[in-house]
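**Student:** The structure is given below, and queries will be raised subsequently.
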Amino acid sequence: MGKHLELGEIEGCSLFFLPFTQYEENSPASSPRDVLFGDIFELPLVPRSPSPTWWPTTAFSRLCVIHGNLAVVLIISGNLSFLNWLTIVPSIACFDDTCLGFLFSSKEGCVKDQVLKIQAKEAAGQRLPLRYGCYVRKVVNVSFGLLITYLSIPVVLNLLNSRQVMNTSFNPLRIVNTYGAFGSITKERTEIIFQGTSSLDPNDPMAVWEEYEFKCKPGDLKRRPCLITPYHYRLDWLMWFAAFQTYEQNEWIIHLAGKLLANEEAALSLIAFNPFEGKAPPRWIRGEHFRYKFSQPGGKHASEGKWWIRKRIGPYFPPVNLQGLQKFYEARDWPYPKQN
């Protein structure tokens with residue numbers, strides 16, 4: 001859990017889970033605490049006998065409740081909460097008529113009334129004649145089932161392969177595909193830190209560089225991991241991807257730097273802290289590359305109020321100024337930022 005939250009694209013989590021997060025991060029990798037941590041919070045989701053009145057009676061419906069509650073736990077505790085919201089939707093199909101009956105009207109002639117009458121006749125031993133459409137539907141269902149089974153063969157073989165391919169379609173119709181949020185995950189967290197200065201010479205060792213703070217991604221070592229659910233900060237998310245690539249592969253980083261140099265309101269609205277607010281815009285902006293990890297509870301850094309420990313890797317992109325970026329913008333047909 002700790003590594004998931006430390007290395008994930010946005011380390012959002014609730015205050016309730018933060019102590020466990022840091023404890024997990026500093027536990028030995030071979031320890032089964034991650035599994036135990038999940039089990040502790042999942043066990044209350046499984047009711048004991050006798051079952052309460054709200055608890056579904058069928059196995060599928062029970063699985064739906066367990067799955068939905070597990071997704072809620074993940075939404076509360078981690079990032080990518082929008083994916084967990086999506087996983088709750090298909091599980092609703094596991095609920096039977098008894099669970100979902102309250103959604104339908106009980107008036108005479110309505111769907112619920114018709115279903116209750118059919119069930120009453122079946123309970124009385126009356127066999128209702130099957131309509132022609134029922135046979136057609138059965139044939140179609142079986143045909144689709146066989147088709148999906150056949151098309152799933154390469155998908156299953158890929159799943160069992162030690163070099164499985166992620167996010168791939170195995171047929172032209174794209175009916176059956178493989179999906180994986182992450183085929184692999186990085187073993188360390190790196191971050192791009194934007195810094196600005198009012199110095200005339202960016203290479204002056206006396207130049208004072210001040211850091212911009214984003215709304216959620218790590219920056220200030222003393223800022224706790226943010227609570228983002230159910231929202232998602234897209235810029236912070238993209239910054240995470242850019243951090244383990246180069247700025248040449250992410251030209252939008254330089255585009256953003258130009259907007260910050262101009263103090264554009266639209267760009268600054270995506271930033272949590274602008275060190276040049278109420279002052280003249282910075283003359284230069286640079287990107288610094290850092291490696292981040294959680295501080296150890298009870299350790300020196302934690303006693304100083306630091307949630308994070310960081311180590312400088314090197315420059316991410318060199319110092320740039322607004323005038324020097326003019327040709328860069330023109331070559332890409334981007335509107336040149338107007339300084340505010």
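The values are calculated or read from the model by the stated rules, or taken from the named source; none is laboratory data. This one's a predicted model, so the numbers in the text were calculated from it and none came from an experiment. Cβ placement follows ideal geometry from the backbone for every residue including glycine, while neighbour counts extend to all protein chains displayed. Heavy atoms of the whole protein, side chains included, go into the accessibility calculation; ligands, DNA and RNA do not. Shrake-Rupley method; radii C 1.70, N 1.55, O 1.52, S 1.80 Å.
**Student:** Give me D for segment 120-216 in µm² s⁻¹, whole number, from Stokes-Einstein with Rh from the Kirkwood sum over alpha-carbon pairs, 10 °C and 1.306 mPa s.
**Tutor:** 77
**Student:** Order the peptides 144-151, 271-278 from the highest to the lowest mean number of other Cβ atoms within 10 Å of their residues.
**Tutor:** 271-278, 144-151
**Student:** May I ask you to give the percent of accessible area on segment 135-182 that is carbon plus sulfur, with a probe radius of 1.4 Å?
**Tutor:** It is 67 percent, rounded to a whole number.
**Student:** I'd like the trypsin sites (Lys or Arg not before Pro) in segment 275-340 restricted to DSSP loop residues with at most 16 other Cβ atoms within 10 Å, sorted by number.
**Tutor:** In loop regions of segment 275-340 (DSSP not H, G, I, E or B), the sparsely surrounded trypsin sites (Lys or Arg not before Pro) are Lys279, Arg332, Lys338.
**Student:** Determine the per residue accessible area of segment 135-182 with all protein chains present and a 1.4 angstrom probe, expressed in square angstrom.
**Tutor:** In whole numbers, segment 135-182 has 83 Å² accessible per residue.
**Student:** Additional query: If you scale each eigenvalue of the Cα gyration tensor by 5 and take the root, what three semi-axes come out for segment 238-278, rounded to whole angstrom and sorted largest first?
**Tutor:** 21, 11, 8
**Student:** Compute the Rg/Rh shape ratio of segment 135-182: radius of gyration over Kirkwood radius, all on alpha-carbon atoms.
**Tutor:** 1.10
**Student:** Which distance in nm do the two modelled labels at Ile153 and Lys279 give, with both placed 7 Å along the Cα-to-Cβ direction?
**Tutor:** Spacing of the two 7 Å Cα→Cβ label points: 6.9 nm.
**Student:** For segment 188-331, what are the per-bin percents of Cα-Cα distances with bins 10 Å wide, up to the bin holding the maximum?
**Tutor:** Going out from 0 Å in 10 Å bins, segment 188-331 shows 11, 40, 36, 12, 1, 0 percent.
**Student:** Quick check on my link table: of Lys215/Lys338; Lys215/Lys293; Lys259/Lys306; Lys279/Lys306, which ones sit more than 26 Å apart, alpha carbon to alpha carbon?
**Tutor:** Lys259/Lys306; Lys279/Lys306, as the Cα separations exceed 26 Å there.
**Student:** Leaving ligands, DNA and RNA out of it, work out the accessible area of Ile92 with a 1.4 Å probe and give it in Å² to the nearest 10.
**Tutor:** 80
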